[in-house]
1. Across segment 17-52, what is the total count of residues that are free of Cβ contacts under 8 Å to residues at least 24 places away in the same chain and either of a type in the set (S, T, Y) or in a helix (DSSP H, G or I) (or both)?
2. Between a first residue in segment 213-226 that is more than 7 Å from V187 (Cα to Cα) and surrounded by 10 or more Cβ atoms within 10 Å (Cβ to Cβ) and a second residue that is of a type in the set (S, T, Y) and at pLDDT 95 or above, which pairs have beta carbons less than 8 Å apart while being 6 or more apart in sequence or on different chains?
3. State which residue is farthest from the ligand (Cβ to nearest atom) when the search covers only segment 138-168 and only residues that are without any contact (Cβ under 8 Å) to a residue 40 or more places away in the chain and within 24 Å of S74 (Cβ to Cβ).
4. Among the residues of segment 63-81, write down those that are part of a loop (DSSP other than H, G, I, E, B) and not charged (D, E, K, R).
5. Being surrounded by fewer than 16 Cβ atoms within 10 Å (Cβ to Cβ), more than 11 Å from the ligand (Cβ to nearest atom) and in a helix (DSSP H, G or I) is the requirement here; does S100 meet it?
6. Taking segment 136-170 as the region of interest, how many residues are closer than 20 Å to F41 by Cα, in contact with a helix residue (DSSP H, G or I) (Cβ under 6 Å, 6 or more places away or on another chain) and surrounded by fewer than 21 Cβ atoms within 10 Å (Cβ to Cβ)?
7. From F177, F226, grab the single residue that is more than 24 Å from W153 (Cα to Cα), aromatic (F, W, Y) and assigned to a loop (DSSP other than H, G, I, E, B).
8. With respect to E72, is the statement that it is away from the ligand (no atom under 14 Å from the Cβ) and touching a residue at least 12 places away in the same chain (Cβ under 8 Å) true?
Amino acid sequence: MSGSELGGGPEDLEPLGRGLVDLRRRALQELASVRIFSDQFLTKFLWARDLDVELSLKLLLNYQRWRRESPEISRCLSPSSVLGLLNTTYHAVLPQRDHSGSRVLIYRIGQWDPKDWLAFQVFSVSLMTSEIISMETETQTQGLKAIFDLQGWSLGHALQFNPSLARKISSVLSDSFPLKVRGIHLVNEPMFFRPVLAMIRPFLPDKIRKRIHMHGAHFQDTLSDFFSPSVLPPEYGGEGPGIEGVCQAWTNQLLQSEQLLQQIATHPTGDITIPPEDCWISETVEAEQLLEG
Ligand code: VIV
């Protein structure tokens, strides 16, 4: 039996090691002003694309572009600045992974009062969580599943929606963030949520579209086809810890990550294992080097 058939041995690291060498070379070629990328950082992109170097490179370039084009979200990763929203128990990452090792996230849209919080602030919560969980090795290989509870979706929410936001959502879902999206589960979605989905869907690749499941009001009958009861909170038909407690626990996790998230938000590439000043050749340094040389 070969090493790869056995699994788990050091042989399994070889494809990743080769991928790192190739991706680093390609990434430094494409991003002329960047000087260095860490293994930890590149690894996220490689696993998100099952070690395909060209696809990982595209994802890395899209991630850099998305950060640049959405500064109102990517530059403001501050849990304390959205504490009021987090304290409504809007969001949690469940303590248990599902049967396949995916992270399970819950968003309770009804807890978001659109008079108090703008869509970009709400979006930043997802980006903060995504940055944190994408550092976990098991999440890099097994991805995530998100449950959106749309009970309480209102005109006020819909009015914050526009094509530009729809594009930003579809970009992170499809090819601008290094996380595998393994499932999107909508529960309690009202009829008048359909136009919103219709705005997002055209931008999504078929693969992701097929992973969107609409469960409606009787979600308890069908959500259990995807998640075992031990994983879900009782409010979602499971036997795990209650939703309020898991939201509070994740809020604390986010608050503890304030500094880390701040570093990611202000870093030129998002690769915080490299000090920002070592990371890229700024135009002024380049000009000085030219003058000296
Ligand atoms: O952010 O993997 C009306 C996922 C999500 C992310 C990010 C990554 C990711 C699955 C989203 C899902 C949520 C960054 C990496 C797209 C932020 C959404 C923010 C908006 C303002 C929330 C409003 C709720 C929407 C529901 C959208 C349902 C779709 C996701 C189908």
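1. 9
2. Filtered contacts from segment 213-226: H213/T222; Q220/Y236; L223/Y236.
3. Here is the first cut: in segment 138-168, the residues without any contact (Cβ under 8 Å) to a residue 40 or more places away in the chain are 155, 158, 162-164, 166-167.
Filter once more, keeping what is within 24 Å of S74 (Cβ to Cβ): 162-164, 166-167.
Details: N162: 11, P163: 13, S164: 12, A166: 9, R167: 11 Å.
Only one residue tops the list, namely P163.
4. Correct list: S70, C76, L77, S78.
5. no
6. Qualifying residue count for the region: 2.
7. It is F177.
8. Against the criterion (away from the ligand (no atom under 14 Å from the Cβ) and touching a residue at least 12 places away in the same chain (Cβ under 8 Å)), E72 does not qualify.
The values are calculated or read from the model by the stated rules, or taken from the named source; none is laboratory data. Note that the structure is predicted; figures quoted are calculated from it, not measured. All Cβ positions, even for glycine, are placed from backbone atoms using ideal geometry, and neighbour counts span all protein chains on display.
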